[in-house]
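The values are calculated or read from the model by the stated rules, or taken from the named source; none is laboratory data. Here the structure is a predicted model, which is why all the values come from computation and not from measurement. Reconstructed Cβ throughout: ideal geometry from the backbone, glycine too, with neighbour counts over all protein chains shown. Protein only, heavy atoms only, side chains kept; ligands, DNA and RNA dropped before computing areas. Shrake-Rupley method; radii C 1.70, N 1.55, O 1.52, S 1.80 Å.
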Amino acid sequence: MSQLERADRILDTAQDLLLRWGYRRVTIDEIAKRAGVGKGTVYLYWRTRDELFLGVGAREAVAMIEAVAAAMRADPAEIALHAYMRRFFLEAMRRPVLRALFTRDTDTLDRFLSSPARQPLQGAKLLASRQYLGALAGHGLLREDLRPEDLDYSLPTIAFGFFAIEPLLPEELALGLEEKADQLADVLRRTYGPARPPSPARLAAAAPEVVEIFERLAREYKAVAYGTTKGGDPEHGS
């Protein structure tokens, strides 16, 4: 078994226990036993229990970001802010650990929600980096009077409202996931989009720059997921 396969087995086990038992009850001993590895093997990748659970979330984030980037490569229209955030919302809500993180599910994550180990994932919670917004602005894909920094507060406030409201909505107001994503996209398009829909040529011209931003982000999160920020390489040994 390769180092990467062993790391994935540990992450799979940690994720399964986290979703079934919740953060408070899961121990490194139990993860190691169920993954069929020694406790010391777990610590070869992640120095602490919180770093391991951060790895679980980061691995889901990698899959989400790669899905976003793949959609953008297939259709440049997906780089528009409202289209990107629609897909981001759908991908996050369909992945159980990310859903727990974004909806602040304390039953599952408990004190991990406030753990300092989560700091490497905070960038993802901003949803659209300054680089991404700068690329949109540079290609005329935002409202003309907006600077990227103008969205630093308002964009995550709007977007995370769609996540945070989930546990609070009464049953009679429940919507399907696709409908929620459509409403988010419509709000963002009306709030931040250019006055006229951009041409396919303009979107295609901006797409390579935007895709590279997300591919780079995925690589950074992959390093966090597998503990390689310590200097090791799960593919070739620590």
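Inspection of the range 18-30 identifies at least one residue that is surrounded by fewer than 18 Cβ atoms within 10 Å (Cβ to Cβ), among the aliphatic types (A, V, I, L, M) and in contact with a Leu (Cβ under 9 Å, 6 or more places away or on another chain).
If you go through the range 50-81 and keep only what is basic (Lys, Arg) and surrounded by fewer than 22 Cβ atoms within 10 Å (Cβ to Cβ), you end up with just Arg73. In summary, Asp12 fulfils each of the numbered conditions (1) crowded, with 16+ Cβ neighbours inside 10 Å; (2) among the charged types (D, E, K, R); (3) more than 30 Å from Glu209 (Cβ to Cβ) with the single exception of condition (1). Within the range 190-209, the set of residues being under 18 Å from Asp75 (Cβ atoms), more than 21 Å from the chain's Cα centre (by Cα) and open to solvent by 80 Å² or more (accessible area, probe 1.4 Å) comprises Pro197, Pro200, Arg202. Residue count for the range 1-22 under the criterion of being assigned to a helix (DSSP H, G or I) and more than 17 Å from Arg59 (Cα to Cα): the result is 2.
Filtered by the rule that a residue be hydrophobic (A, V, I, L, M, F, W, C) and buried (at least 16 other Cβ atoms within 10 Å of the Cβ), the range 153-186 gives Leu155, Ile158, Ala159, Phe160, Phe162, Phe163, Ala181, Leu184, Ala185.
Pairs linking a residue in the range 105-128 that is open to solvent by less than 80 Å² (accessible area, probe 1.4 Å) to a residue that is modelled with pLDDT under 90 and in a helix (DSSP H, G or I), with Cβ atoms under 6 Å and 6 or more positions apart or on different chains, are Pro120/Val224; Leu127/Pro156.
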